[in-house]
1. Can you tell me the alpha carbon radius of gyration of the chain divided by the globular rule-of-thumb value 2.2 N^0.38 Å?
2. Can you give the angle from 0 to 90° between the axis of helix 155-166 and the longest principal axis of the chain, with both taken from C-alpha atoms, to the nearest 10?
3. FRET efficiency for Glu259 and Glu219, Cβ-Cβ distance as r, R0 = 25 Å, nearest 0.05?
4. Return one whole number: the accessible area per residue of the range 194-348 in Å², for a 1.4 Å probe.
5. I'd like to compare 198-210, 264-276: which one has the highest average count of other Cβ atoms within 10 Å, and what's the full order after that?
6. Determine one quarter of the surface area of the Cα convex hull of the range 280-330, which equals its mean projected area, and express it in nm² to one decimal.
7. Which residue, Leu184, Leu24, Leu213, has the most motion in a Gaussian network model of the chain that connects Cα atoms within less than 10 Å?
8. Rank His177, His53 by accessible area, highest first, at a 1.4 Å probe radius?
Amino acid sequence: MKILLWVYFVMILCTKHLNHRSVLNKAGLSGGEKIAEETRITDGFSEAIARAHYLYQEKYNAKNCVVVLMDSDWEEPFNYFDQQMVLNGVEKLGVSTLRCSSTYLTEHGHLNGEGRFLIPRRTKKFTGEQDEDPYHEVSVFYLRTMYRPTHFPEPAYWTLRRDMEMSKAVCCPTIPHTIVNMKLYQMLLAQEEILARYTPTPDLVKEAFFATLSLELTEEGDRNAALALADPSQYVMKPQREGGGNNFWGEEMVEKLAELKTDSERGRFILMKKITPPVFINRFIKGGVEVGPLETVSEVGYYSVYLKDGKEEIYNHVVGPLVRTKDVGENEGGVAVGVSCIDSPYFV
């Protein structure tokens, strides 16, 4: 069984439409009803995880199962409450949950001979009584770590990730779905012959993709590098990493391309044509202070959940939008680092 979902900002997303409607009312403006509600997002995530849990129990005749949210214990848990809202929703559906660090699991978790991932029960810690069965069986791993190199400080963490993937437990995300967020794989997926394996209309899907270009030390890679050097404002250089924050723009990109001109390391990057969304005037509230009016741009995405068992699709739903708005002069787009703000879609 595989379940796909990734969760950020759900606590904000499920209530921000109320704040934005309030702002319009206080300003004496109409149209608050056109701001989309996103109250379904958390429920959709929780329902998908709970469905995976119950499918696991039924398929493997499993008892004493728990859903484990795994985080790291060396980073600030700035999304803690968002994550807890998802777990609370799972528990409302009758499923037990635990939060464990990856370090705890390297020390106390293990994969048994039947492919079941087991962790110690914690009842004795709180009540002083020992359970008849000393272990929980993990039905679902919901990972909030292990997606960047620093999350694997020692070989034990790689071993843990392998054991999780090899177990019967549902991993969210799986290793392949983590890899597909990386730039070289996204470049491959943008090729029409690759898309044709997954959709009957690869030409239509490809129209939604911006150009991603190879920087291998080949004639093609040299031509692509020359495009960026000729017009650096139109391109961004991205490394083989999940997410943003590691990119090279403008003069930094020019310097990096010059540095790697004859270095095979250049092939670890891709070149992407910059997206230029419409510009509009908006205001931000940052640290309690109004900023603006500013020229801003927005990025719109949709949260979805997908659960399958083998080739059988079990659950496939879009659960709500995410809109991030930033100053048009900013390159990166992260909310957590203070660049973007969470926004609302306004239907006209």
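The values are calculated or read from the model by the stated rules, or taken from the named source; none is laboratory data. As the structure is a computational prediction, the values presented were derived from the model and not from experiment. Cβ coordinates were reconstructed from backbone atoms using ideal geometry, including for glycine residues, and neighbour counts include every protein chain displayed. In case anyone asks, the SASA skips ligands and DNA or RNA and just uses the protein heavy atoms, side chains included. Shrake-Rupley method; radii C 1.70, N 1.55, O 1.52, S 1.80 Å.
1. Details: Rg = 22.8 Å, N = 348, 2.2 N^0.38 = 20.3 Å.
Working it through for the chain, the quotient is 1.12.
2. 80
3. Working: r = 20 Å, r/R0 = 0.81.
Efficiency computed from Cβ-Cβ geometry: 0.80.
4. Numbers: 9360 Å² over 155 residues.
Per-residue accessible area for the range 194-348 comes out at 60 Å².
5. Values: 198-210: 11.3, 264-276: 16.5.
The peptides rank, most packed first, as 264-276, 198-210.
6. Seen from a random direction, the Cα hull of the range 280-330 projects 5.5 nm² on average.
7. For the chain, modelled as a Gaussian network with Cα springs under 10 Å, the answer is Leu24.
8. Working: His177 60, His53 5 Å².
Descending accessible area places them as His177, His53.
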